Amino acid sequence: MSKIDNEAINSIKVLALDMIDKAGSGHPGIVLGAAPILYALYKDHLNVIPSKPDWVNRDRFVMSAGHGSALLYSMLYHAGFNIDMDELKQFRSLNSLTPGHPEYKVTPGIDVTTGPLGQGIGMAVGMAMAERYLNAIANIEKKNTKLIDYYTYCFCGDGDLMEGISYEALSFASTQNLNKLIILYDCNQVSLDSDTNITFTEDIAIRFEALDFDIFEVKNATDYTEVSKAIKQAKKSDRPSIIICHTIIGKDSINEGTNKVHGKPLTKEDLSNLKEKFKITSEPFTVDSKYKEHILNTINKRMAPIFKNWEEEYTDIKETNNFGLNSLFNLLERNAFVIDFDDTKFKISDEYSEELRESNHKIMNFISPKSPFFLGGSADLSSSCKTNLDKSTIQSPDNPVGKNIYFGVREHAMGAILNGMALSNLKVFASTFLSFSDYQKPAIRMSALMNLPVTYIYTHDSIYVGEDGPTHEPVEQLTMLRTTPNFITFRPADINEIMGSWEYILKNNCPTALVLSKEKRSKLKNTNAKFVKYGAYMIRKEKFRLDGVIIATGSEVAMAVDISKELFTMGIDTRVVSMPSMELFLKQNPKYEEQLLPKDVPTFVIEAGASLIWNRFATKPEYIYGINRFGMSGKSEDVAKYLKFDKATILASIASFLTKDVSIDII
C-alpha cells in the first residue's frame, strides 16, 4: 500500500472521528476498522461520478451497517461529492445533510436509507434484481446495450447477518443467481453487547457455501490493496459473491478489538493519541486537499472512458427516438411512470358477484400489459392471493424479463427486495395474507420512510376466513398499517372501489396497502371508483331526516347497507358512508368531513378489526363494532356470531342506541 493511500485512509478516519466527537454520539469502531474497505471500493471500483450522483448507470452502494454513517460521509467528502465541511460539522444535528444513519434523498451519494440491520441486505438484493430486469428490458430494444449495466455492493456487519431477513434475502439472491451483487462483510467478531463468540458462532464461509455464493476472503483488510484485489475477482464471478474482510474494530484505539469502542465516542485522550499516531495534528475538520485530489483524480481517470462510451450510446438513443428506451429513461431519470387507467373502460356486469381477490386479479391483468415497469410477486401465495400476471412469465436467471416474481415463503425479504426494486422507480407489488403483514412491518416502514411506490396486497382480511383459525384471522393489522406515517391503506368494498384504489396507486408514487376480502361480493349500488381518492363518501343517503351515520369498510359496507335498510323499516333514517381509505379522508378539507359526518349526528362504525383507531369518528366508543380479541376456528358465520359481529346483533344494538335519542315516526 502506497504512502499516500495510507495517509488518505487515515484522513478519512480522522474526519469521521471528528464528526462523532463533535456530535457526542456515533460509532467510531467501524470507522477505524472498515475505512480501508470503503476506500478500496470507491477509489478503485465503484462506477460513480461525484458531480453526477444520480447518474442512472452508476454502481449502487448500500451501507447496510448504517451505524457506520460517519465513515460513509467522510468517504463521500474525500471522494468529491457535494457535501460541505459545515454539513459534516452538523453530523447528527437537526435538518443537516448528515443524519445519524444514511437517508435516501438527503445526502448526495446515498442510494438508500439504512439503519435497521438486515434491511440493507434485502434492499441490495432488490437493487441487483432491478438492474437485471432493466438491463433485460433495454436489451429487448437494443441488443448488447450497456445503458443499464451496473453492480450493487452491500457493506454489512455481524449484526446484519444475525438478522433473519439477511438469510431470506440472500437465499433468494442465490436462487435468482444475481451475479452482480457483491457483499462486503466487515468481520470483526464484535457486536454492541459483547464479542460474538457468545452470540454468533457459525462458520460464515460454510453458510455462504451452502447458499452457493462465491466466497472471497481477505485475511488482513487493513491493507486496502488486498480488499481491492478481492473486489476485482468478485466482479468476474458468475454467482453472487461475498468478500469476508477480517478487520479489527476500533483499530489503534485504546479499546481496539472490544465492544467498548462500538457505539460511543472516543475519549479526548484516545482521539488525540490516534491523531498523533496518524500524524494528523491539525485542528478538527481540517483535511489536506491532496488526499481529496488523489481520490477524485483516480475516480475521474477511471470513469472518463466508461462515462464517455455510455454517454455516446445514450445520445445516439435519444437522437434515434427509440420509444422503448426513451420510456425507460423517462422512468429512471424523471420517475415518469405512465399508465392510462380509466375505470370506465373496465366493464362490469350488474349480475357480477365474485371474491374480491378475483376482481383484483382481473384489474391487475388489465393494468399489466400497459407497462413493462409494473411487476411483483407473492410469498408463495400467488394462487391464494390471485396476484399472478397471466400474460407474463416467472422471473428467473434464464428469463429475467418475467414479471411474476416467486419469492417463496419470505414475506420479510419480499418487502425489502421490492423496496430495492422501487428505488429504480419500478411500480412493484407484494402479496400475502393480511395476518402475515406482521412479518413485513420493518420493510413497510422503510417503504414509508423513503416514499417508495411499493403496493402491499393483502387478502384473507378478516375473521371470515373462519376455518383457518385465529393465526390466519387478522385483527390488529389494519391499525398497524393505518398508523404508519406516509402510508396509504385501502380496504375496498367491491370491484368499483378496487378500481378506484388502483387508479390512485398508479397516479401517485407512494407506498400503499390494498386489503381484500376472500369472500364473494356483489357490486354495490352507488359505490364509485372516482370517489375513492377522497377516502370516504356516501353510498346510501338518508330519505327524510338524518338520525344516524354508519361508517364501514371492505366487506362490512354491504352489511352496513343492509342494516340501514332494516333500520328504515323501523322508522330510523340513516346514512351509510364507505371509507376505503381513512388516511386519504383525513387529508380532505374539514368542510368535506363536516358535510359527510355532521358532528351533531350519532355516528357508528362497523369494521372487522381492532376498534381503537375508530374513536376519531364514532360518537362514543360503544358505537364502534369491531373485534378486539383473536378469532376462532369454525364456519365463518359461526365465528362472526360467536364474536357478536353478525348483522342481527349489530342491527339490534344500533337500533337500541338510536331509539333512545330519536323520536320514532312510522315512515
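The values are calculated or read from the model by the stated rules, or taken from the named source; none is laboratory data. Keep in mind that this is a model prediction, so the values were computed, not measured. A quick note on method: Cβ atoms are made from the backbone with ideal geometry, for glycine too, and the neighbour counts reach across all protein chains shown.
If the condition is being of a type in the set (D, E, K, R) and either under 24 Å from residue 517 (Cα atoms) or not assigned by TED's automatic domain parsing to the domain that holds residue 563 (or both), then the range 582-628 contributes 583, 607. Considering the range 450-505, and only residues there that are over 19 Å from residue 367 (Cα atoms) and of a type in the set (Phe, Trp, Tyr), the residue that is modelled with the highest pLDDT turns out to be 487.
For (1) at pLDDT below 90; (2) of a type in the set (Val, Ile, Thr), each residue gets a yes or a no:
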position: 299; (1), (2): no, yes
position: 302; (1), (2): no, no
position: 313; (1), (2): no, no
position: 321; (1), (2): yes, no
position: 328; (1), (2): no, no
position: 336; (1), (2): yes, no
position: 340; (1), (2): yes, no
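Which of the residues spanning the range 419-440 are in a helix (DSSP H, G or I) and either more than 15 Å from the chain's Cα centre (by Cα) or more than 14 Å from residue 123 (Cβ to Cβ) (or both)? Residues satisfying the conditions are 434, 435, 436, 437, 438, 439. Return the residues of the range 146-171 that are of a type in the set (Val, Ile, Thr) and either closer than 21 Å to residue 247 by Cα or outside any loop (DSSP other than H, G, I, E, B) (or both); say none if nothing qualifies. Selection gives 152, 165.
Is there a residue in the range 327-348 that is closer than 30 Å to residue 465 by Cα and part of a helix (DSSP H, G or I)? Yes, the range 327-348 contains a residue that is closer than 30 Å to residue 465 by Cα and part of a helix (DSSP H, G or I).
Scanning the range 215-242 for residues that are assigned to a helix (DSSP H, G or I) and in contact (Cβ under 8 Å) with a residue 60 or more places away in the chain, we see that the one that is farthest from the chain's Cα centre (by Cα) is 225.
Scanning the range 512-526 for residues that are in a loop (DSSP other than H, G, I, E, B) and buried (at least 23 other Cβ atoms within 10 Å of the Cβ) yields 516, 517, 518. Inclusion of residue 486 among residues that are over 19 Å from residue 578 (Cα atoms) and free of Cβ contacts under 8 Å to residues at least 40 places away in the same chain is warranted.
Taking the criterion of being closer than 30 Å to residue 145 by Cα and not hydrophobic (A, V, I, L, M, F, W, C), the residues of the range 92-112 that qualify are 104, 105, 108, 109, 111. Restricting attention to the range 248-286, and to residues there that are small (Gly, Ala, Ser) and within 19 Å of residue 30 (Cβ to Cβ), which single residue is surrounded by the most Cβ atoms within 10 Å (Cβ to Cβ)? Here the answer is 250.
Okay, residues lined up against (1) touching a residue at least 40 places away in the same chain (Cβ under 8 Å); (2) among the aromatic types (Phe, Trp, Tyr); (3) outside any loop (DSSP other than H, G, I, E, B); (4) over 14 Å from residue 13 (Cβ atoms):
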| site | (1), (2), (3), (4) |
| --- | --- |
| 244 | yes, no, yes, yes |
| 249 | yes, no, no, no |
| 275 | yes, no, yes, no |
| 280 | yes, no, no, no |
| 292 | yes, no, yes, yes |
| 301 | no, no, yes, yes |
| 305 | no, no, yes, yes |
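Please find, within the range 307-319, the residue that is surrounded by the fewest Cβ atoms within 10 Å (Cβ to Cβ) out of those that are more than 28 Å from residue 5 (Cβ to Cβ) and touching a residue at least 40 places away in the same chain (Cβ under 8 Å). Top of the filtered list is 313. Do we find that residue 212 is within 27 Å of the chain's Cα centre (by Cα), under 30 Å from residue 408 (Cβ atoms), assigned by TED's automatic domain parsing to the domain that holds residue 158 and surrounded by fewer than 22 Cβ atoms within 10 Å (Cβ to Cβ) in this structure? When the stated conditions are applied, residue 212 passes them.
The residues of the range 386-401 that are modelled with pLDDT of 95 or more and more than 22 Å from residue 239 (Cα to Cα), listed by number, are 386, 387, 388, 389, 390, 392, 393. Please go through the range 442-483 and give me each residue that is in contact with a Ser or Thr (Cβ under 9 Å, 6 or more places away or on another chain), of a type in the set (Ser, Thr, Tyr) and outside any helix (DSSP H, G or I), ordered by number. Residues satisfying the conditions are 455, 456, 458, 459, 462.
Against the condition polar (S, T, N, Q), assigned to a helix (DSSP H, G or I) and without any contact (Cβ under 8 Å) to a residue 40 or more places away in the chain, how does residue 10 come out, does it pass? No, not satisfied.
Looking across the range 180-209 at every residue that is over 30 Å from residue 47 (Cβ atoms) and among the aliphatic types (A, V, I, L, M), the one that is surrounded by the most Cβ atoms within 10 Å (Cβ to Cβ) is identified as 190. Contact map, the range 124-153: first residue β-branched (Val, Ile, Thr), second residue surrounded by 17 or more Cβ atoms within 10 Å (Cβ to Cβ) and not in a helix (DSSP H, G or I), Cβ cut-off under 6 Å, separation 6 or more or different chains; pairs are 137/372; 152/60; 152/181.
Just a yes or no: is a residue in the range 402-418 under 28 Å from residue 496 (Cβ atoms), modelled with pLDDT of 95 or more, under 13 Å from the mean Cα position of the chain (by Cα) and not in a helix (DSSP H, G or I)? Reasoning before the result, please.
So the first thing to find is which residues in the range 402-418 are under 28 Å from residue 496 (Cβ atoms), and the list is 403-404, 418.
This time we only want the ones that are modelled with pLDDT of 95 or more, so: 403-404, 418.
Adding the requirement that they be under 13 Å from the mean Cα position of the chain (by Cα) leaves 418.
Now narrow it down to the ones that are not in a helix (DSSP H, G or I): none.
No, the range 402-418 contains no residue that is under 28 Å from residue 496 (Cβ atoms), modelled with pLDDT of 95 or more, under 13 Å from the mean Cα position of the chain (by Cα) and not in a helix (DSSP H, G or I).
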